[in-house]
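Asks: Quick one: structure below, then a few questions.
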Amino acid sequence: MSDTALPQDADLAEDGAPRDRLIPALFALAIFTSAALVFVVQPMVTKLVLPMLGGSPAVWNTAMVFFQTALLAGYGYAHGLQRLSSMRAQMAVHLVLLLLAALFLPLRISGLLGDPDPAAPIGWLLLTLALSVGAPFAVLSATAPLLQAWFARVRAGHADGRNPYVLYAASNLGSFLALLAYPLLIEPLATLSGQRAGWSGGYAAFMLMVVALAAVAWRRGHIGASAAAALPVSPPIAWREKAVLVLLAAAPSSLMLGVTTHLSTDVASAPFLWVVPLALYLLTFVIAFQNRPLIPLPITLVIAGALGLVCLAFTAFRTGAWPMMFGLHLATFFVLALMCHQRLAARRPAPDRLTEFYLLMSLGGVVGGAFTALLAPVIFDMVWEYPLMLVLVGLARPISRAPIRNREVYLFVGAVLICATPPMLSAVFQADWDFAWWFSKNVSADMPRLTQLVLTGAIVIGFLLRDRMPAYVAIAAMIALSTQYIARGYEAAFTDRSFFGVMKVGVTQDPRLGGEVHVLMHGTTLHGAQPRAPAFACMPTLYYAPSTPIGQTTQTLQRRSPGLNIGVVGQGSGAMAGYKRASDTMTFFEIDPMVDRLSRDPQWFTFISDCADGPIRTVLGDARLTMGRESAGTYDLLIIDAFSSDAVPTHLLTVEAIDGYLKLLKPDGVVLLHLSNRNLDITLPAAAAAQALAAPNLHQLYAERDDLPVMTEASTEALILSPTEAGLAEFRRDPLWGTPADTEVKPWTDDYVNLFGSLWRHFRR
């Protein structure tokens, strides 16, 4: 539907009556408020449920599928409510449902389903969210299309009534501002209990707004018991057009969850990372549904044509500075989502089909989200959905009808040859040819950079052919395949995927460790390595090596006592089992059943099966929940090493969590917090928590040696604590350990975590 020009006198209606400014303002305010409530509650509720599922990034993606489905239910309700011809009846029904949904307030996580099963957490999460926040969220989410439909009827005969879609920009502007406010203002300044109370108050205020809107409209004669002004009836939306609308809405939704996972896997599963892609997603709606978009579609198509290909060249690799990669992925997502939503806005129907249009858009959001969060982890053993969608979104580009020129054919063939070059070079490196050693020695070590350099030519050609949609998509697919092939890294002997991420067992060679070495990887982080040669097989490696703080602490306590009770949060490859003596008892607390299976399978790792002297227990589930069932005062050593790639489950570093660890220890026991992180400063909040608990503590930053084999050890940062000074007596005499300085950083609690501050402190170093 094309935009309708405003009348010459914008202050007069078509019948010459003075324009009513109060009613449009009330509609805009109510829509803005409801949108802000709908979107600020998403990170808030997900943060409430996150600790029960180990802080996994998949929690947010699964929660987004729930919210998108609840949004679809709300839009369906708004569409169905239009069957009531009386606006008075519609408003009465909506107010009654708002009151009924208020019975679920204040916000809280329902405990009716008990603790989640780590082997099947998705169903538990979706049902728990439905029981906790489903009713108020669904009713609130109906506000935007419902009030726009009312506005079109109330303002029939006025210029603004002909294009109620402009109010959708106001809705998304409220959502956008609320999402930005959450990580920048709400999360750092308010506790979770304060956030819950504030949101409940906002819900009550919104109900009063709807009452006020109905009262003013009624008093001014806009509504009554009879039907409001009927809108002109337009032709039904064709089924083919409906499919196009759903797909145009599905692609940005899938991309949003894909880029969120890509970015949050190696930092933290935290609201400040979740809301950025979602806020940009909403901003694209604001721009796309403006009367005069800030960024016109032709410009969007040009920028998207370039950034889409560049991003594909980097997606498979972890090269470049983290801020630069963060910016590239977000910029690419923004322009691709904007392209789809502008194409969507250009197809919007007449106002009488408004609620149906939003229903189809919402259905597309559910389809895209469900594909990324629910279906992709089942059908793919790696995170293929993100690069796949970066390729497929190219299908939304317009198709040029101009005749194909010979120059374009030559360019496409050149792109094919360029994309095939990196895999062919890789084959040369692996070949047993006399001259292959020279390539392997001088080039293969920096193959990712070489691949990106070579593919620059394909990116340029793809950009030149951006108006030839099939050729553009084909070049994008070839770039993705070429980079994914090169980015295999270690030869993957095993790859599998669970709710908690992709686990890979790689195989590399190191003659100084006897040859073959198996490496357990999650994302970009190594979770353990084991040489297969018998002489080195039982030697703990990487963060668990004898020279690291973890190894030092374990050996010191073993010298202190002939038998220890050791608990380890985070099983990894089971390397800690290499320290277990016959007189020791060792328990792993692990949330991912797949990790337990891999570490106990002798085909991959033998720390537990062959190196440990005696049996080792594994307790599955989130460590905060499962450790709460352990007997107090029974552990000599607790090691908190729960990583998901390089992300940190923050609920394991709060004051309450650390207090719980200390209560599990014997009077002279020790808890070690492994705090190594590439992107966040988590040491100061942990030290602040120790200070808040008045627990004796020491800190060490260990640097790995360059003269050792690569997999032997890893640089490690750790904090050790004990209930008493006696527990740290030997460590205080060790110059490697030092007392942390007092910090003014606020400690994390179960009611307050400020990850944005941790990120900021890390970048200021």
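Asks: Any residue in the range 329-341 that is small (Gly, Ala, Ser) and in contact (Cβ under 8 Å) with a residue 24 or more places away in the chain?
Replies: Yes: the range 329-341 contains one or more residues that are small (Gly, Ala, Ser) and in contact (Cβ under 8 Å) with a residue 24 or more places away in the chain.
Asks: Take the residues in the range 602-617 that are open to solvent by less than 50 Å² (accessible area, probe 1.4 Å) and in a loop (DSSP other than H, G, I, E, B), then tell me which one is nearest to ASP115 (Cα to Cα).
Replies: Across the range 602-617, the extreme among qualifying residues is ILE616.
Yes/no matrix, rows are residues, columns are (1) modelled with pLDDT of 90 or more; (2) touching a Ser or Thr at 6+ places or on another chain (Cβ under 9 Å):
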position: LEU231; (1), (2): no, no
position: TRP239; (1), (2): yes, no
position: VAL246; (1), (2): yes, no
position: ALA251; (1), (2): yes, no
position: SER254; (1), (2): yes, yes
position: GLY258; (1), (2): no, yes
position: HIS262; (1), (2): no, yes
position: THR265; (1), (2): no, yes
position: PRO271; (1), (2): no, yes
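Asks: I need the helices (runs of 4 or more DSSP H) fully contained in the range 308-397, keeping only those with at least 3 residues that are under 20 Å from ARG497 (Cβ atoms) and out of contact with any Cys (no Cβ under 6 Å at 6 or more places or on another chain).
Replies: 354-370, 376-379, 385-392
Asks: If only one of LEU637, LEU620 is modelled with pLDDT of 90 or more and either crowded, with 24+ Cβ neighbours inside 10 Å or not aliphatic (A, V, I, L, M) (or both), which one is it?
Replies: LEU637
Asks: With the condition kept exactly as written, say whether any residue in the range 342-356 is within 30 Å of SER234 (Cβ to Cβ), modelled with pLDDT of 90 or more and open to solvent by 10 Å² or more (accessible area, probe 1.4 Å).
Replies: yes
Asks: OK, next. Which residues, counting only those in the range 347-379, are under 19 Å from the mean Cα position of the chain (by Cα) and of a type in the set (Gly, Ala, Ser)?
Replies: GLY365, GLY368, GLY369, ALA370, ALA373, ALA376
Asks: Follow-up question, since we're still on this one. Checking ALA477 against (1) open to solvent by less than 30 Å² (accessible area, probe 1.4 Å); (2) in a helix (DSSP H, G or I), which test does it fail?
Replies: Against the list (1) open to solvent by less than 30 Å² (accessible area, probe 1.4 Å); (2) in a helix (DSSP H, G or I), ALA477 comes up short only on (1).
Asks: Here's another thing I want to ask about it. Looking at the range 69-93, which of its residues are open to solvent by less than 30 Å² (accessible area, probe 1.4 Å), of a type in the set (A, V, I, L, M, F, W, C) and closer than 26 Å to VAL367 by Cα?
Replies: ALA70, ALA78, LEU81
Asks: Just need a number here: residues in the range 679-734 that are of a type in the set (Asp, Glu) and under 30 Å from ALA533 (Cα atoms).
Replies: 5
Asks: Quick check: anything in the range 733-753 closer than 17 Å to GLN552 by Cα and not in a loop (DSSP other than H, G, I, E, B)?
Replies: For the range 733-753, residues closer than 17 Å to GLN552 by Cα and not in a loop (DSSP other than H, G, I, E, B): present.
Asks: Regarding the range 630-638, can at least one residue be identified that is in a helix (DSSP H, G or I) and in contact (Cβ under 8 Å) with a residue 60 or more places away in the chain?
Replies: no
Asks: Kindly indicate the residue of the range 114-137 that is more than 22 Å from the chain's Cα centre (by Cα) and open to solvent by 70 Å² or more (accessible area, probe 1.4 Å) and also nearest to LEU213 (Cα to Cα) among those meeting that condition.
Replies: Looking at residues that are more than 22 Å from the chain's Cα centre (by Cα) and open to solvent by 70 Å² or more (accessible area, probe 1.4 Å), I get LEU131.
Asks: Look through MET91, MET87, MET1, MET44 and report the one residue that is at pLDDT 80 or above and farther than 26 Å from GLY123 by Cβ.
Replies: MET91
Asks: Can you find a residue that is closer than 24 Å to LEU336 by Cα and assigned to a helix (DSSP H, G or I) anywhere in the range 484-496?
Replies: Checked the range 484-496: at least one residue is closer than 24 Å to LEU336 by Cα and assigned to a helix (DSSP H, G or I).
Asks: With respect to the numbered conditions (1) crowded, with 19+ Cβ neighbours inside 10 Å; (2) under 37 Å from the mean Cα position of the chain (by Cα); (3) modelled with pLDDT of 75 or more, which one is the sole condition not fulfilled by ALA190?
Replies: Going through (1) crowded, with 19+ Cβ neighbours inside 10 Å; (2) under 37 Å from the mean Cα position of the chain (by Cα); (3) modelled with pLDDT of 75 or more one by one, ALA190 breaks only (1).
Asks: Name the pairs whose Cβ atoms lie under 6 Å apart, with the first residue in the range 105-124 and within 14 Å of ASP622 (Cβ to Cβ), the second part of a helix (DSSP H, G or I) and open to solvent by 30 Å² or more (accessible area, probe 1.4 Å), and 6 or more positions between them or separate chains?
Replies: The qualifying pairs are ILE109/LEU48; ASP115/LEU625; PRO116/MET52.
Asks: Also, I was wondering about something else. Condition (residue is at pLDDT below 80 and of a type in the set (Val, Ile, Thr)) applied to the range 487-499: is it met by at least one residue?
Replies: no
The values are calculated or read from the model by the stated rules, or taken from the named source; none is laboratory data. Predicted model only: the values in this text are computed from it and were never measured. Counting neighbours? That spans all protein chains shown, and the Cβs are built from the backbone with ideal geometry, glycine included. Note: areas computed on protein heavy atoms with side chains; ligands, DNA, RNA excluded. Shrake-Rupley method; radii C 1.70, N 1.55, O 1.52, S 1.80 Å.
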